[in-house]
4 protein chains.
Amino acid sequence: MNTFGKLFTITTFGESHGLGVGVVVDGCPAGLKITEADIQKELNRRKPGQSSITTSRKEDDKIRIMSGVTDGKTTGAPIMMLAENRDARSEDYGQLKEVYRPGHADFTYEAKYGHREWRGGGRASARTTLAQVAAGAIAKKYLKEKLNVEILGFVDQVGEIKAAIDYNKLSLKKVEANPVRCPDEKIAKEMIKFITALKSGGDSTGGAVFAIIKNVPLGLGSPVFDKLPADLAKAMMGINAAKGFEIGSGFRAAEMRGSEHNDRFYTTKGKVRTKTNFAGGVLGGISTGEDIYFRVAFKPTSTIAKAQDTIDRRGKQVVLKAAGRHDPCIVPRAVPIVEAMAALVIMDHYLQWKAYK
Amino acid sequence: MNTFGKLFTITTFGESHGLGVGVVVDGCPAGLKITEADIQKELNRRKPGQSSITTSRKEDDKIRIMSGVTDGKTTGAPIMMLAENRDARSEDYGQLKEVYRPGHADFTYEAKYGHREWRGGGRASARTTLAQVAAGAIAKKYLKEKLNVEILGFVDQVGEIKAAIDYNKLSLKKVEANPVRCPDEKIAKEMIKFITALKSGGDSTGGAVFAIIKNVPLGLGSPVFDKLPADLAKAMMGINAAKGFEIGSGFRAAEMRGSEHNDRFYTTKGKVRTKTNFAGGVLGGISTGEDIYFRVAFKPTSTIAKAQDTIDRRGKQVVLKAAGRHDPCIVPRAVPIVEAMAALVIMDHYLQWKAYK
Amino acid sequence: MNTFGKLFTITTFGESHGLGVGVVVDGCPAGLKITEADIQKELNRRKPGQSSITTSRKEDDKIRIMSGVTDGKTTGAPIMMLAENRDARSEDYGQLKEVYRPGHADFTYEAKYGHREWRGGGRASARTTLAQVAAGAIAKKYLKEKLNVEILGFVDQVGEIKAAIDYNKLSLKKVEANPVRCPDEKIAKEMIKFITALKSGGDSTGGAVFAIIKNVPLGLGSPVFDKLPADLAKAMMGINAAKGFEIGSGFRAAEMRGSEHNDRFYTTKGKVRTKTNFAGGVLGGISTGEDIYFRVAFKPTSTIAKAQDTIDRRGKQVVLKAAGRHDPCIVPRAVPIVEAMAALVIMDHYLQWKAYK
Amino acid sequence: MNTFGKLFTITTFGESHGLGVGVVVDGCPAGLKITEADIQKELNRRKPGQSSITTSRKEDDKIRIMSGVTDGKTTGAPIMMLAENRDARSEDYGQLKEVYRPGHADFTYEAKYGHREWRGGGRASARTTLAQVAAGAIAKKYLKEKLNVEILGFVDQVGEIKAAIDYNKLSLKKVEANPVRCPDEKIAKEMIKFITALKSGGDSTGGAVFAIIKNVPLGLGSPVFDKLPADLAKAMMGINAAKGFEIGSGFRAAEMRGSEHNDRFYTTKGKVRTKTNFAGGVLGGISTGEDIYFRVAFKPTSTIAKAQDTIDRRGKQVVLKAAGRHDPCIVPRAVPIVEAMAALVIMDHYLQWKAYK
């Protein structure tokens, strides 16, 4: 289904080449001030064509709030936001109509639905993620205003180039200072250089996003199944191209000893804290009040300019020469999506926490 | 909440030191042959005290099917399975009543619920996972009988010791051939040696489980949010001590190029296949028919015998000397849990697929 | 929340005086032929201003399918349908801004959300039901084409005027033959006369809708909670102004004896039938294959022209003289809404039945 | 499915002739004092064999709280309650194994599940409602203690005998003063006489339950779909044998005029009230703070001693002479079930209200 969340739910709709893409946000408490500009700001971080290392394809991600907001405030009714598709003229898709593109969902969609949208990916298009970013912008604003929760992502890996960022010294400004969204300027330059080279060679690369959530109240999350890390994992692995998720110590935990991994409790200023934070801000699935941090790995963009062997719909072997414009590395544009989905998870668990407290 | 799944749902209940632990399985199609022995077989792989490298604590995981099965077959009504707690005598918990154990959920539970169960962890106890294994056993049997789906997990990492297993040569027998559940006999011995040493030193280690699902029908999974990898990630990250999840190429994908990662389609015996399987059996969130494989990282057991600094409930600094018996490495016992949760996800998506086909 | 259904879900949005009203339909199987004309046809039966006995207010219920349909067929992706609001100019609402209208939701909305939309009722406006009719049109078409299910409602009571219709002789044509949607022409004339008199006197009346569903497959519905009558009841009691629901013998059942009410089984043409159908087509919550029939009672329209005592927002006693145009009897326009909601319930249970069969 | 509720959920399990019947209650806030005696008290009002006008069959409805309660208080973990079946010896079911009993679910269950439990009705047995009563007892206690909500039902109709009760003069004591649970002693005697006569004649009768909920906080319920009356309707129509539901003016509303039905607002002691309460305590689906009252119609018990024409599983015409003991009128025992389901609905909406406030 196309709905995410239990108490703060989003239902997305739209395809790359239909009339529009959008979302219904249900369960937003009444009284939150929100404007289209608040939403647009986040969308602009996601949209294609924003820099030299993203696709040159321009899409108009202009959002309109169609319901649920009156006199600048949420009313408690569902908030529908719509971005109409304007660049929906068919590009030269020629060969694509008949071919299964490697790494794409053409094959599985056609098997599942008996047809597939070859014009731009249809429902599988990354364009659909703008709906998630728009919805997340509302959650983000609510969390910031009511609880001072801050959510920030950045690119910490592109191909084999890895950054080692102290997330306590981060700021949105630093992340946005370069097109690759890596707050280490030196590493960022390397990444950009690497991506630019790949682009001209017709290839693409994977990468990873690191995200941090500060000031999450103590006690969010459920002991079994709906653990905070479980819901974050689902949210992140639902993003196009995601292949891995880890929280706190993550895969490093497999190598560690208990005496090392157990974060020691202490008390300071009347508050319980831990000296280290290998847990990543959760114990038993429930937030501790420490920073929540996690990483998401993304595969390289499946659309590449290089020729590839594949088959067509009748099973015949063909060579695919991809037309169309693409991102050589999707990861910088994934940052606002990761932040948005994280905001949705925290928001939902916050409302659940209120219900039972 | 304590329910997992949409069409094949499980609702678990029970604590370590209450009267029992169990599960209601709802949505199992009528007519499946199932016996308590089918369930018990899986539970025995999870239960404590099964080998020299697990906790010496014995628990009686004896399961009874209380409803939903008549004359050896499921009826379509909810299946309740119950394992009564028999070893619920209070061990010497002395200090635990007042102390926040590092790495445990004592602190977050107490903050969330205003109390916590200090006798064995209460709802956070690993004992509760027997309910998931029991439920998974039903899904596993259904999938095997109707679709020939096979689900098999094994330990591929303990601390820094990693196995490199060709999962096409696996068998349940090989996995079960040693207590650490690593099918590489040589590596298994190293792992056991390492764990044994840690145990006598009062420490613990993390590790990882690798799992493979064969013969999943083409077309399971949903394009957005409820992608197969997203639901698998949620299921796995909901298991106690899980810190990371990756599917297919996983975190390695971040380092790869598109021309390398894109699995090439070809046709053989009238069936569409891919030459490589970096995707891990899913494209666009939907199963391709190729093997689905994934890894789950687990942190080291939080209960250790070594002394640790921590605080008590009043915030006073204390030294915790853990009493009680524990597993020096939880990962071998996590294998059947991983398999069970995977079975639940596949089963649910199979029923969803039937609804819409 | 604003979502209805489990496998065939609708999420509605929009207010009377925002930018538009619409719905996201999720879970529609791929391959169904559907056009805007199919939807519009049903909407036209609901829209205001359609006859002399409805409100003279004209609203433009022009629907657009924004997503989920390509080349005239559903794709399996969510179907968003939008009717923009065009007649959203503020009428003379003068006094309404400050007054709690008797029988309306002004008071409860303001208490719940801290504000209320006084311009036309906001989310409580009957205009929002067009979203349900649009969604129901899709379900209706699917059910008719795949299963020959027919759903037909009519007005069987207006005030104290009751019709006694043999529903086996019904047709859509007969129902639509007069503006009050009562297929007994003689009774219909009485009803129209009564409504017209009320209208000129500034008053309103209640009434009831009878609905029949033919050719529902045997076996839909769940034994506990999600019984077919339970889900129909929820659907109907969620319609604005509904006050009662009964299925089959309904409230008459309270007066009957078992020997009279028990429908006798017999076999004809290899099919199990019952001689009577007091059950209304369901036994144990599950469809028998006999006709499902039920009635829904609606209260009189709350908006009336007569002066009424009430209070304003500060609790001061005032006299409300309603401005604005209204329906003297909402029941004829409720018919397509009842049919739509019934279609949604049957569709959802049909998909559930497919999942488990 | 066998789960009811969104934030306060119950999942029931069990059949008449399996090992037991029970429920998992999930979402109960921590800290509520609850004992088995609190639950048993409600169950005793439902159990068979409690008086001369109920079935003479004795069932042991002895309940045990198996999880979720420690030291007499709820912990926030799921509460499992179990009543083992003790009187599960097979009575003389002889003919029933092969026959479709008129009015029963034998036929629909067999069609749906490919089998049916002929021993006592299986999952369709009224015995399963004890799970709902047990769960409702917890909700009732919580609502009474935290919000002073009072829920009381009584029998207001048996066959054609109707009581006219002023529900403001009700008390549990008066309701429980006679076995038919009608607080009008004179009418109660008539009802008992009527039922006794039917019993000896081997027949049964329908009836109706009236229920009142006092002190519901203002603002519970959702504007669309999940209206309080819609959720109450679903809950009530899910009870075995229910055929109709009405709230407030109910079916009488169809005959009323707007000028009569619109409850006038006034202010008293700083509180907004209405002079009449035709609305039944809800406007726009949301509670007004006035009393919520509703009625539920039940069909006559399907099991009767009189001979009935029917068919067997092969479609052959047979005469059924019902063996087994039965209630000549189920309505007195339905009272605690109606109360329990009402408590569950209010509880769930109260938690939802807390989430969004």
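Rank-order A:226-232, A:177-183, B:27-33 by packing density, defined as the average count of other C-beta atoms within 10 Å over each peptide's residues, highest first.
Numbers: A:226-232: 27.0, A:177-183: 23.0, B:27-33: 18.9.
Ranked from most to least packed, the peptides come out as A:226-232, A:177-183, B:27-33.
Can you work out which chain A residue has the shortest Cβ-to-axis distance for the rotation that carries A onto C, and give it in Å?
It is A:11, 2, counting Cβ atoms only.
For the range D:47-144, what class follows from the C-alpha gyration tensor (a ≥ b ≥ c being the square roots of its eigenvalues): rounded when a/c is under 1.5, otherwise prolate if a/b is larger than b/c, else oblate?
The shape class here is prolate.
Mind listing the Cα extents of the range B:132-214 along all three principal axes, in Å, largest one first?
47, 27, 18 Å, listed from the longest principal axis down.
To the nearest 0.05, how large is the calculated FRET efficiency for residue B:197 and residue B:57 if R₀ is 22 Å and r is the Cβ-Cβ distance?
0.60
Local charge sum around residue B:12 (other residues, Cβ-Cβ under 10 Å, Lys/Arg +1, Asp/Glu -1)?
Net local charge, residue B:12 excluded: 0.
How many Cβ atoms of partner chains, on average, are near each residue of C:285-293 if near means within 10 Å of its Cβ?
So the per-residue partner count for this stretch is 3.
Counting alpha carbon pairs within less than 8 Å and at least 6 residues apart, what relative contact order, in whole percent, applies to the range B:3-356?
Value for the range B:3-356: 23 percent.
Just to verify a number: FRET efficiency for residue A:172 and residue D:146, C-beta to C-beta distance, R0 = 45 Å, to 0.05?
0.60
Which residue fluctuates most in the GNM of chain B (Cα springs below 10 Å): B:340, B:111, B:131?
Of B:340, B:111, B:131, the Gaussian network model singles out B:111 as fluctuating most.
Once you have a ≥ b ≥ c as the square roots of the Cα gyration tensor eigenvalues for the range B:259-308, tell me rounded if a/c is under 1.5, and otherwise prolate or oblate according to whether a/b is larger than b/c.
prolate
Please list 3J(HN,Hα) in residue order for the range D:341-357, calculated via the Karplus relation 6.51 cos²θ - 1.76 cosθ + 1.60 where θ = phi - 60°; whole Hz, with x for glycine and proline.
After applying 6.51 cos²θ - 1.76 cosθ + 1.60, I find 5, 4, 4, 5, 5, 5, 4, 4, 5, 5, 5, 4, 4, 4, 4, 9, 5 Hz.
Pull up all non-local amide H partners of residue D:16: gap of 5 or more, or a different chain, and H-to-H distance under 5 Å with H placed in the peptide plane.
D:122, D:123, D:125
Provide C:314, A:116, A:325 in ascending order of the number of other Cβ atoms located within 10 Å of each residue's Cβ, fewest first. Could you put the intermediate results ahead of the total?
Details: C:314 8, A:116 26, A:325 15.
Ordered by Cβ neighbours within 10 Å, fewest first: C:314, A:325, A:116.
With the label 7 angstrom out along Cα to Cβ, how close does residue A:266 come to the same site in each of the other copies, in nm, nearest first?
Residue A:266 label point versus its equivalents elsewhere: 6.0, 6.8, 8.8 nm.
List C:60, A:106 from most exposed to least, where exposure is judged by having the fewest other Cβ atoms within 10 Å.
On the way: C:60 13, A:106 27.
Placing the least packed residue first, the sequence is C:60, A:106.
Pop out the ³J(HN,Hα) list for the range A:132-146 in order, Karplus 6.51 cos²θ - 1.76 cosθ + 1.60 with θ = phi - 60°, rounded to Hz; leave Gly and Pro as x.
Values per residue, Gly and Pro as x: 5, 5, 4, 5, x, 4, 5, 4, 4, 5, 4, 5, 5, 6, 8 Hz.
Please build a GNM for chain D, connecting alpha carbons under 10 Å apart, and tell me which residue among D:191, D:236, D:256 fluctuates the most.
Greatest mean-square fluctuation among the candidates belongs to D:256.
What does the copy distance list look like for residue C:52, label position 7 Å along Cα→Cβ, in nm and ordered from shortest?
With the label placed 7 Å along Cα→Cβ, residue C:52 yields 6.4, 7.6, 9.9 nm.
Could you give, in nm with one decimal, how far residue A:71 is from each other copy of that position, shortest first, with labels 7 Å out from Cα toward Cβ?
5.0, 5.1, 6.8
For residue D:105, what charge total do you get from the other residues with a beta carbon under 11 Å from its beta carbon, if Lys and Arg give +1 and Asp and Glu give -1?
Numbers: positive: C:227, D:101, D:112, D:116, D:123; negative: D:106, D:110, D:117.
Charge balance near residue D:105 sits at +2.
Could you let me know the centre-to-centre spacing of the range C:1-43 and the range A:67-81, using Cα atoms, in angstrom?
19 Å
Per q in 0.08 Å⁻¹, report the Debye log10 I(q)/I(0) for the protein assembly as shown, using one uniform scatterer on each alpha carbon and no solvent.
-0.99
Can I get the semi-axes of the range B:181-274's equivalent ellipsoid? Compute them from the C-alpha gyration tensor as square roots of 5 times the eigenvalues, in angstrom, largest first.
34, 18, 15
With N set to the residue count of the range C:261-357, report its C-alpha Rg divided by 2.2 N^0.38 Å to two decimal places.
1.80
Dividing the alpha-carbon radius of gyration of chain C by 2.2 N^0.38 Å (N being the number of residues), what value is obtained?
Details: Rg = 20.9 Å, N = 357, 2.2 N^0.38 = 20.5 Å.
Cα Rg divided by the expected 2.2 N^0.38 Å: 1.02.
Just to confirm a number: summing +1 for Lys and Arg and -1 for Asp and Glu over residues other than residue B:234 whose beta-carbon lies under 15 angstrom from that of residue B:234, what do you get?
With Lys, Arg at +1 and Asp, Glu at -1, the net is -2.
Considering only C-alpha atoms, what is the centroid distance from the range D:170-245 to the range D:276-313, in Å?
7 Å
Which one of B:311, B:53, B:63 has the biggest mean-square fluctuation once chain B is modelled by GNM with Cα springs under 10 Å?
With Cα springs under 10 Å in chain B, the top fluctuation among B:311, B:53, B:63 is at B:311.
What average count of beta carbons from other chains do you get within 10 Å of the Cβ of residues in B:308-319?
3
Report ³J(HN,Hα) in whole Hz for each residue of the range A:160-172, in order, from the Karplus equation J = 6.51 cos²θ - 1.76 cosθ + 1.60 where θ = phi - 60°; Gly and Pro get x.
My calculation for the range A:160-172 gives 8, 8, 10, 9, 10, 9, 7, 5, 6, 9, 6, 8, 4 Hz in order.
Any read-out appearing in this document is the output of simple, stated calculations on the displayed coordinates, not a laboratory observation. A quick note: this is a predicted structure, and the numbers were derived from the prediction, not measured. Heads up, the Cβs are rebuilt from the backbone with ideal geometry, glycines too, and the neighbour counts pull from every protein chain shown.
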